[in-house]
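Asks: After the structure tokens below, expect a handful of questions from me.
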Amino acid sequence: MSLPLKMEIDTVEDVTCLNPELLQLPEVSPFALKTTPLLVDDLFSQWLSLPETSNLVKSLINDAKAGTAVNACANFSNVNAVGSNSLPSMFSSVNAPPLSPRSSSGSPRSSKQKSSPSALGSPLKLFSDPMQEVIPQFYFQNGRPPTKELKEQSLSKINHLFNNPLNGLLIDEFKTVTKEVCKLPSFLSSALFRKIDVDCMGIVTRDAFITYWVDGNMLTMDVATQIFEILKRPGNRHLTQVDFRPILRELLATHPGLKFLQNTPEFQDRYAETVIYRIFYHMNRSGNGRLTRRELKRGELVSAMQQADEEDDINKVLRLESGYFSYEHFYVIYCKFWELDTDHDFFIDRENLIRYGNHALTYRIVDRIFSQAPRKFAGDVEGKMGYEDFVYFMLSEEDKSSEPSLEYWFKCIDLDGNGVLTPNEMQFFYEEQLHRMECLALEPVLFEDILCQIIDMIAPEREDCITLQDLKGSKLSGNVFNILFNLNKFMAFETRDPFLIRQEREDPTLTEWDRFAHREYIRLSMEEDVEDASNGSADVWDESLEAPF
């Protein structure tokens, strides 16, 4: 036997000799083959020495090298037919016991091994005819096309709403289409109208709407994607703060809970800005001012918009993401900023911010904020914080349980920016807290004891440092920052104010920000009522003095 042929035979031997039944010898009992391994090796070697077997192996190897489909069923059966007569008969037909009849049903062996190679013929047949499974299309570059039924239902509604002599709708008439056909909040009507009316003709025809909404596959998109496509400008793959202004103008003009602002355009603008800043604070986690489709889907803005469209009282829309559209929340934020902005130039400096919360913050943390460590200021005035920056600060300060807040204060405490908070960094901020406690004649708490308390609250993976993930995994993370730089909240946490505990138990669904904003709105409203009452009583008093004259 030549060396190449022997190598080829050795290659096949390792695979085929594993199962004696693959030899397919009709005259030899499988039981005899399994109980006598030497007999199997002897028969297999003689079978490989046959010329027909050698030709078959060469043919299969050549086909495999050429990359052609391997189909050895016919050749293998032919070789079996020829080779079986040439094999030496180790058992004579007279002395050999008859084989038991094999049945496809009734045999436990056949039922358990229905897919065995012997049942399928040659083992090479397993690879000769691969099953071709048709995978349905799951990606559509321009969106999944609507089904025939959905398209017919939509066209029926469109035909009914566009049934007028103009064969189109003006912007004031388009709101019904936005609500009934598109199933979108009504204050998106103007934005959708202008998205379709690209030529600024002042009218949207039936054909133009079908082209954009039905043929453009907007019909089958989820609500978040529909809103994203309507608001984003052409060529952009993200939303900016400017893209939200049209829907806020529409909301202010049409919502019954905001009609009282129609005579004060300045406060309308401030309200719209505050809502937009809060949206980007919670949802634009990268902080680059570019809201992506994924970020829009992950947030609850869509649900808040739908709730605002259905609820007449805008202040009740506060169950989702701290109430983007709540006027009470805007009122609290704006009044706080106005109190600190003593010269009313719409900027505040370090000395202004240090007065926040009755001087609750330390100078060191205020310096870190103005060094723009947690966030680069939106304004370009050196050493000044604008209104947008103040909104980010206030939301972070009053609700330290939210992830944006944890990220904000983590960057402040992380002095070297290495992504971990070390005991030295925490001690640097706590030193001022300790000094303030001594000045107020409070019992000072040593930093060593504070550090043990922090480790117990957070339970970090490593005791020598705290990561941002450690803070996000603990419900007490906000107290860590209060301990380090907010003396008033630190003392409230140490004394466990029973009033605050009762508030939390009454409605656990409310966030820290919700409870704070509610308390502050009541306080500010009472102060305004007292001021109005004092002004009114003065007027009455003056009139009574002037009446006799």
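Asks: Would you call Val391 open to solvent by less than 10 Å² (accessible area, probe 1.4 Å), more than 24 Å from Leu415 (Cβ to Cβ) and in contact (Cβ under 8 Å) with a residue 60 or more places away in the chain?
Replies: Yes: the conditions hold for Val391.
Asks: Turning to a different aspect of this structure: I want to confirm something. Restricting to the range 140-149 and keeping residues that are modelled with pLDDT under 70 and loosely packed, with under 11 Cβ neighbours inside 10 Å, which single residue is farthest from Thr220 (Cα to Cα)?
Replies: Gln141
Asks: Can you tell me which residues in the range 174-202 are open to solvent by 50 Å² or more (accessible area, probe 1.4 Å) and over 27 Å from Ala304 (Cβ atoms)?
Replies: Val198, Asp199, Cys200, Met201
Asks: Please state which of the following conditions Glu397 fails to meet, knowing it meets all the rest: (1) within 26 Å of Phe493 (Cβ to Cβ); (2) open to solvent by less than 60 Å² (accessible area, probe 1.4 Å); (3) not in a helix (DSSP H, G or I).
Replies: It fails just one condition, (3).
Asks: Looking at the range 150-158, is at least one residue at pLDDT 90 or above, open to solvent by less than 70 Å² (accessible area, probe 1.4 Å) and in contact with a Leu (Cβ under 7 Å, 6 or more places away or on another chain)?
Replies: Within the range 150-158, not a single residue is at pLDDT 90 or above, open to solvent by less than 70 Å² (accessible area, probe 1.4 Å) and in contact with a Leu (Cβ under 7 Å, 6 or more places away or on another chain).
Asks: Can you name the number of the only condition in (1) of a type outside the set (Lys, Arg); (2) without any contact (Cβ under 8 Å) to a residue 60 or more places away in the chain; (3) surrounded by 15 or more Cβ atoms within 10 Å (Cβ to Cβ) that Asn167 fails?
Replies: (3)
Asks: Criterion first (basic (Lys, Arg) and either within 26 Å of Arg519 (Cα to Cα) or assigned to a loop (DSSP other than H, G, I, E, B) (or both)) does Arg294 satisfy it?
Replies: When the stated conditions are applied, Arg294 does not pass them.
Conditions tested, residue by residue: (1) open to solvent by 60 Å² or more (accessible area, probe 1.4 Å); (2) out of contact with any helix residue (DSSP H, G or I) (no Cβ under 7 Å at 6 or more places or on another chain); (3) within 18 Å of Pro404 (Cβ to Cβ).
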site	(1), (2), (3)
Ala304	no, yes, yes
Cys335	no, no, no
Leu353	no, no, no
Phe377	no, no, yes
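Asks: If Trp213 satisfies all but one of (1) touching a residue at least 24 places away in the same chain (Cβ under 8 Å); (2) more than 21 Å from Lys151 (Cα to Cα), what's the number of the condition it fails?
Replies: Answer for Trp213: the failing condition is (2).
Asks: Of these, Pro234, Pro265, which one is surrounded by fewer than 17 Cβ atoms within 10 Å (Cβ to Cβ) and over 20 Å from Ile333 (Cβ atoms)?
Replies: Pro234
Asks: Regarding the range 116-129, can at least one residue be identified that is modelled with pLDDT of 60 or more, outside any loop (DSSP other than H, G, I, E, B) and open to solvent by 70 Å² or more (accessible area, probe 1.4 Å)?
Replies: For the range 116-129, residues modelled with pLDDT of 60 or more, outside any loop (DSSP other than H, G, I, E, B) and open to solvent by 70 Å² or more (accessible area, probe 1.4 Å): absent.
Asks: What pairs can you find where one residue is in the range 307-318 and at pLDDT 80 or above, the other is open to solvent by 40 Å² or more (accessible area, probe 1.4 Å) and not hydroxyl-bearing (Ser, Thr, Tyr), and their Cβ atoms are less than 6 Å apart, with a gap of 6+ or different chains?
Replies: From residues that are at pLDDT 80 or above, the pairs are Asp312/Pro256; Asn315/Glu328.
Asks: Still on this structure, please answer the following. Find all pairs meeting these conditions: Cβ atoms under 8 angstrom apart; at least six residues apart or on different chains; first residue within the range 437-448 and closer than 15 Å to His359 by Cβ; second residue part of a loop (DSSP other than H, G, I, E, B) and not basic (Lys, Arg).
Replies: Cβ pairs passing all conditions: Met437/Glu443; Met437/Pro444; Met437/Val445.
Asks: If Asp416 satisfies every condition in (1) under 31 Å from the mean Cα position of the chain (by Cα); (2) within 19 Å of Tyr281 (Cα to Cα) but one, which is the exception?
Replies: All conditions pass for Asp416, except number (2).
Asks: Let me ask you something else. List pairs: first residue in the range 222-237 and in contact (Cβ under 8 Å) with a residue 60 or more places away in the chain and hydrophobic (A, V, I, L, M, F, W, C), second residue open to solvent by 40 Å² or more (accessible area, probe 1.4 Å) and part of a helix (DSSP H, G or I) anywhere in the structure, Cβ distance under 7 angstrom, at least six positions apart or on different chains.
Replies: Sorted first by the residue in the range 222-237, then by its partner, the pairs are Ala224/Lys297; Phe228/Arg293.
Asks: So which pairs qualify, if the first residue must be in the range 460-483 and closer than 23 Å to Glu398 by Cβ, the second must be open to solvent by 40 Å² or more (accessible area, probe 1.4 Å) and aliphatic (A, V, I, L, M), the Cβ gap must be under 7 Å, and the two must be at least 6 apart or on different chains?
Replies: Cβ pairs passing all conditions: Ser474/Ala459.
Asks: At pLDDT 95 or above and in a helix (DSSP H, G or I): does that describe Phe481?
Replies: Yes, satisfied.
Asks: Given the criteria part of a helix (DSSP H, G or I), free of Cβ contacts under 8 Å to residues at least 12 places away in the same chain and at negative phi, does Glu339 qualify?
Replies: Yes, satisfied.
Asks: Within the range 355-366, track down each residue that is part of a loop (DSSP other than H, G, I, E, B) and open to solvent by less than 70 Å² (accessible area, probe 1.4 Å).
Replies: Ala360, Thr362
Asks: For the range 205-229, what are the residues that are part of a loop (DSSP other than H, G, I, E, B) and of a type in the set (S, T, N, Q)?
Replies: Residue satisfying the conditions is Asn217 alone.
Asks: If the requirement is being open to solvent by less than 50 Å² (accessible area, probe 1.4 Å), over 22 Å from Tyr408 (Cβ atoms) and modelled with pLDDT under 95, which of these qualifies: Ala547, Ala538, Ala533, Ala441?
Replies: After applying the criteria, what remains is Ala538.
The values are calculated or read from the model by the stated rules, or taken from the named source; none is laboratory data. Only a predicted model underlies this, so the values are computations on that prediction, with no experimental measurement involved. For neighbour counting, all protein chains shown are included, and Cβ atoms are generated from backbone atoms with ideal geometry for every residue, glycine included. For the accessible areas, the whole protein counts, side chains as well, though only heavy atoms, and no ligand, DNA or RNA atoms are used. Shrake-Rupley method; radii C 1.70, N 1.55, O 1.52, S 1.80 Å.
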